[in-house]
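Down below is the structure, laid out as structure tokens.
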Amino acid sequence: MSTPIIDGLKWRYATKRFDAAKKVSDADLQTLQQAVNLTATSYGLQTFRVALISDPNVKEQLQVASYNQPQLTESSHVFVFANMLDVSDEYVDGFIRLLAETRGIPVDAVQGYADYIKGSLKGKEPAFIQDWTRRQAYIALGTLLATAGELKIDTCPMEGFDAEQVNNILGLPEQGLNACVIATVGYRSEEDKTQHAAKVRLPLEELFL
Ligand SMILES: Cc1cc2nc3c(=O)[nH]c(=O)nc-3n(C[C@H](O)[C@H](O)[C@H](O)COP(=O)(O)O)c2cc1C
């Protein structure tokens with residue numbers, strides 16, 4: 001099967017070495033940011049935020065916090081996905097106001113939806129909430145990787161980092177956030193041998209039951 005999206009997904013790989021001289025353009029960055037923003041999330045709440053890093057000093061600190069993986073400094077930009085530690089009633093109310101404003105309807109018309117969301121979260125343990133918000137961030141990660149692949153922009157999804165260190169570097173806990181997954185973004189180095197390795201995937205008949 002050959003379609004732009006499948007071609008992009010075959011082209012992409014978890015890039016180990018980026019060409020530090022090549023930078024992603026502002027226009028492409030905007031497209032990637034839009035793709036992340038357009039991701040489906042539970043109730044549409046978007047219970048994560050993304051720190052977009054290009055500052056070389058911050059990238060160096062992130063590299064130390066990521067077991068010295070070179071992608072952090074060699075890539076053009078670093079997307080740090082951070083899930084919310086809590087989803088308050090006030091946050092849900094803010095979302096409902098945005099929804100009403102965007103669709104040109106009174107808040108009262110969606111009050112039932114607001115109450116339903118709040119009811120579903122009421123009394124839930126922080127660990128439950130954080131597991132749920134974390135999953136939303138991963139959906140966005142997938143959207144980012146697929147979109148970048150289609151644009152022929154390289155990425156590496158990364159969980160190999162010390163979350164506490166990354167949180168402290170970026171001041172995330174003060175904002176009610178926790179770093180859960182990173183994507184480094186840029187252009188592959190010719191020296192990265194991984195790009196020549198065949199993709200290892202299950203036959204569809206085994207993956208699909
Ligand atoms: C959530 C997640 C975390 C990952 N963490 C790392 C990482 O810290 N460092 C790294 O080099 N690759 C990391 N990878 C890349 C995987 O090893 C890679 O996606 C997998 O081997 C499949 O290869 P492909 O993506 O090149 O097709 C991660 C991938 C995912 C989805």
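Every number here is computed from the coordinates shown, using simple stated rules; none is lab data. As the structure is a prediction and not an experimental result, all values here were calculated from the model. No Cβ is skipped: glycine too gets one built from the backbone with ideal geometry, and neighbour counts run over all protein chains shown.
Please give me the summed charge of the neighbours of Lys193: other residues whose Cβ is under 12 Å from its Cβ, Lys and Arg +1, Asp and Glu -1. If you can, show how the numbers build up before the last one.
Values: positive: Lys16, Arg17, Arg188; negative: Glu190, Glu191, Asp192.
Charge balance in the 12 Å sphere: 0.
Under 5 Å between amide hydrogens, built in the peptide plane, is the criterion, and for Val181 it picks out Phe81 among residues at least 5 positions away or on other chains. Measuring nothing but how far apart in sequence close Cα pairs (under 8 Å, 6+ apart) lie, relative to its length, the range 110-191 scores a relative contact order of 29 percent. Between the listed residues Asn83, Gln69, Leu170, the Cα displaced farthest toward the positive end of the dipole of the chain, a dipole computed from Cβ unit charges relative to the Cα centre, is found at Gln69. Taken over the chain, the convex hull of the Cα atoms encloses 165 Å³ per residue.
The charge dipole of the chain, taken about the Cα centre with unit charges on the Cβ atoms of Lys, Arg (+1) and Asp, Glu (-1), comes to about 460 debye, rounded to the nearest 20. Length, then width, then depth: along the principal axes, the Cα atoms of the range 1-65 run 38, 33, 24 Å. For the range 35-105, taking the reciprocal of the average inverse distance between every pair of different Cα atoms yields a Kirkwood hydrodynamic radius of 14.6 Å. Going by Cα centres, the range 172-209 and the range 54-133 are how many Å apart? Centre-to-centre distance over Cα atoms comes out at 21 Å. Among the trypsin sites (Lys or Arg not before Pro) found in the range 148-209, those both in a DSSP coil and sparsely packed, with 16 or fewer other Cβ atoms within 10 Å of their Cβ, are Lys152, Lys199, Arg201.
Residue separation of Leu202 and Ser54 scaled by 0.36 nm, minus their Cα-Cα distance, works out to 49.7 nm of gained length.
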